[in-house]
1. What is the ratio of the Cα radius of gyration of the stretch 82-174 to 2.2 N^0.38 Å, where N is its residue count, to two decimals?
2. Within the set of other residues whose C-beta is less than 12 Å from the C-beta of F114, count the net charge using Lys and Arg as +1 and Asp and Glu as -1.
3. For each pair in K22/K95; K38/K115; K83/K168; K83/K104; K65/K91, compute the distance between the two Cα atoms and list the pairs where it is over 20 Å.
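Nothing in this text is a laboratory measurement; each read-out follows from the coordinates by a stated rule. The model shown is predicted, which means the values in this text are computed figures rather than measured ones. All Cβ positions, glycine included, derive from the backbone under ideal geometry; neighbour counts span all protein chains shown.
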Amino acid sequence: MGADNSTTEDMMAVDIHYWYNKFMRESPSGLITLYELKAILGLQGLNEEANGYIEQVFATFDMNKDGYIDFMEYVAALSLILKGKIDQKLKWYFKLYDADGNGKIDREELLSIFKAVQAINKHTDMSPEEITALVFDTIDKNGDGELTLEEFINGTQEHQMIMDIIKKTLDLSNVLKVIKSGRRHSV
């Protein structure tokens, strides 16, 4: 993962002017739809779970829920991903994983995320089922099969292995490297 860290540092060093120009080239209207986001990231033709994950990512970044990501939402998303504080990122991950919005993450929600991430990023060190079991066995303190925000944040911060797994679920360094080089384009 060492090479990816330098990519993230490079991305953080790039000024907002670059991202504004990139955003406006990809979306001259100033708004990005879900379809355009998938095209920009080169994520068309995904399986159902991977599509669901990308839709959840889009929904969490579409802060005003108007069906578009505008430039300010785009900058906020990049800022969070690239240089947000860990507690901010963990709260965002929790919101992303809590697909039904009930304030808890259950095994099915987490398994769905890990299946989707594996389809997108091709991380295959462990199966999604093994990862889900490991996360729940490690940080579900009361053993009820659901993670509250407190359990999720505390457990992730206390266990580096879980933190590393969670970070992999939104590892966009390879996607961002390709975007920066200009090799992916919207349709």
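1. On the way: Rg = 12.2 Å, N = 93, 2.2 N^0.38 = 12.3 Å.
Here the answer is 0.99, to two decimals.
2. On the way: positive: R107, K115, K168; negative: E49, E108, E109, D125, E129, E130.
Here the charged neighbours net out to -3.
3. Details: K22/K95 27 Å; K38/K115 18 Å; K83/K168 15 Å; K83/K104 26 Å; K65/K91 18 Å.
Distance filter (> 20 Å) returns K22/K95; K83/K104.
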